[in-house]
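A quick write-up on the structure given underneath.
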Amino acid sequence: MTPAARVQAAAEILDRIAAGTPAEQALLGWSRASRFAGSKDRAAVRDHVFDALRRWRSAAASGGGESGRARMIGLLRQQSVDPDTLFTGEGHAPQPLDAAEHAAGRVPEGPEALDLPDWLWSDWQASLGGAATQAAEDLRHRAPVFLRINTLKATPDQAIAALSSEGIATRAAPLADTALEVIEGARKVARCKAFTDGLVELQDAASQAVVAALPLAPGQRVLDYCAGGGGKALAMAARLSGPVEAHDANPTRMSDLPARATRAGAAVEITQAPRGPYDLVLCDVPCSGSGSWRRAPEGKWRLTAEGLADLTRLQGEILETVAPLVVSGGTLAYATCSMLKAENRDRVAAFLADHPGWTLAQERQFLPSDGGDGFYVACLTAPE
């Protein structure tokens, strides 16, 4: 495919997404119908689509419309690429811009320029204060790729050397002692021997920092209550060099976890009915995902005020459910990949107000400017 044909493909996929098809489904449908597209073509089209999703509002303003074509025009303009060089109509290229399209487009303003929904902007500012604008801007750009060194199988030097031998260059990421940022060869990671042998796992640096902040000690009984794919359960098992129990309300989310644990040499036990007491319970609760919108930008545009209210209710219910599982003096760790106060400090404050004797031992809000995704973690201590 030519670069212009890739732009045309991205525009058509964006139209499907705008009509309601989930992004991954739209990309998969295009890929299956486009057997002529090679791996580099698929990667390039995917990059175009996700770049446009990150800038959904501002690209529409810059391009003068809300079609996939207009958004690609706007995206190219923001990237300082003249659309006329790609919209030529030659072969499978998009048709040339007409006079109206040349005249269309404006400079985006306010929340539109930061690619946030209008309804969210005031809450965003209240949550982040002086960091609000920079945090929103960071979400308009691609996220770095991070790896977690699996200390059960490798030292940092061994992991870095193994990756380097396969053309993957990394550097230490300051947020966590196990974190590496991939600076070259990111697309090779999933197929490299260091990954398939379990020396490294894909995991955001801030996600690793959340685990590093937990008061883990050998011999503890630990539960990952909202385990999902199990990344934090695996990281905790590595730090403990011992077993971690994993649970999720939707067990299918953990379907790959046994194989991942075997690859990592980690002791992770799946449980459908957790039975306390546990020394530490981690609740990485369902949330807006606002801290990871540069990785999953579709969520930014799917979220509504009503949906956010539903999430905060669910988060409170989860805290109520797990509190009795924590041993006297133990830790309930509450975490989200969100930067919204309503999901973070407000939920912790509400829990503490309703549960005398519980105390806040520590909390931290990670922002993209810290070097990873936006995450929040609070460690609550059960009454003695």
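Kindly indicate whether any position in the range 73-90 is outside any loop (DSSP other than H, G, I, E, B), β-branched (Val, Ile, Thr) and out of contact with any helix residue (DSSP H, G or I) (no Cβ under 7 Å at 6 or more places or on another chain).
The first filter runs over the range 73-90 and keeps only residues outside any loop (DSSP other than H, G, I, E, B), leaving 73-78, 83-85.
Then keep just the ones that are β-branched (Val, Ile, Thr); that gives 73, 85.
Still in the running and out of contact with any helix residue (DSSP H, G or I) (no Cβ under 7 Å at 6 or more places or on another chain): 85.
Yes, the range 73-90 has at least one match.
If I ask for residues that are assigned to a helix (DSSP H, G or I), farther than 21 Å from Glu66 by Cβ and of a type outside the set (D, E, K, R), which ones from the range 30-52 would you list?
Within the range 30-52, Ser31, Ala33, Ser39, Ala43, Ala44 meet the criteria.
Step by step: first the residues of the range 1-53, then only those that are among the hydroxyl-bearing types (Ser, Thr, Tyr) and over 24 Å from the mean Cα position of the chain (by Cα), then the one that is nearest to Arg302 (Cα to Cα). Which residue is that?
Going through the qualifying residues, I end up with Ser34.
What about Ala335, is it in contact with a helix residue (DSSP H, G or I) (Cβ under 6 Å, 6 or more places away or on another chain), assigned to a helix (DSSP H, G or I) and closer than 21 Å to Ala206 by Cβ?
no
Let's see how each residue does on (1) farther than 25 Å from Ala43 by Cα; (2) of a type in the set (A, V, I, L, M); (3) outside the structural domain of Ala259 (by TED's automatic domain parsing):
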site	(1), (2), (3)
Leu152	yes, yes, yes
Pro156	yes, no, yes
Ala159	yes, yes, yes
Ser164	no, no, yes
Thr178	yes, no, yes
Val189	no, yes, yes
Phe195	no, no, yes
Val211	yes, yes, no
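Can you name the residue in the range 67-106 that is under 29 Å from Leu308 (Cβ atoms) and touching a residue at least 40 places away in the same chain (Cβ under 8 Å) and, of all such residues, is surrounded by the fewest Cβ atoms within 10 Å (Cβ to Cβ)?
Here the residue is Ser67.
Taking the range 208-217 as the region of interest, how many residues are outside any helix (DSSP H, G or I) and either touching a helix residue (DSSP H, G or I) at 6+ places or on another chain (Cβ under 6 Å) or of a type in the set (D, E, K, R) (or both)?
1
Only one of (1) within 30 Å of Asp41 (Cα to Cα); (2) more than 19 Å from the chain's Cα centre (by Cα) fails for Ala259. Which number is that?
(1)
Return the residues of the range 252-282 that are more than 21 Å from Glu201 (Cβ to Cβ) and either crowded, with 17+ Cβ neighbours inside 10 Å or in contact with an Asp or Glu (Cβ under 8 Å, 6 or more places away or on another chain) (or both); say none if nothing qualifies. Before the answer, list the steps.
To start, the set of residues in the range 252-282 that are more than 21 Å from Glu201 (Cβ to Cβ) comprises 271-279, 281.
Selection gives Thr271, Pro274, Tyr278, Asp279, Val281.
Given the conditions (1) surrounded by 20 or more Cβ atoms within 10 Å (Cβ to Cβ); (2) hydroxyl-bearing (Ser, Thr, Tyr); (3) in a helix (DSSP H, G or I), report the number of the one that Ser288 does not fulfil.
The number of the failed condition is (3).
Would you please name the residue that is farthest from the chain's Cα centre (by Cα), looking only at residues in the range 329-362 that are surrounded by fewer than 16 Cβ atoms within 10 Å (Cβ to Cβ) and within 19 Å of Ala213 (Cα to Cα)?
In this case the residue turns out to be Gly329.
Step by step: first the residues of the range 138-167, then only those that are in contact with a Phe, Trp or Tyr (Cβ under 9 Å, 6 or more places away or on another chain) and hydrophobic (A, V, I, L, M, F, W, C), then the one that is farthest from Thr262 (Cα to Cα). Which residue is that?
Among them, the one singled out is Leu139.
The values are calculated or read from the model by the stated rules, or taken from the named source; none is laboratory data. All values derive from a computational prediction rather than experimental measurement. Methodologically, a virtual Cβ is constructed for each residue, glycine included, from the backbone with ideal geometry; neighbour enumeration extends over all protein chains shown.
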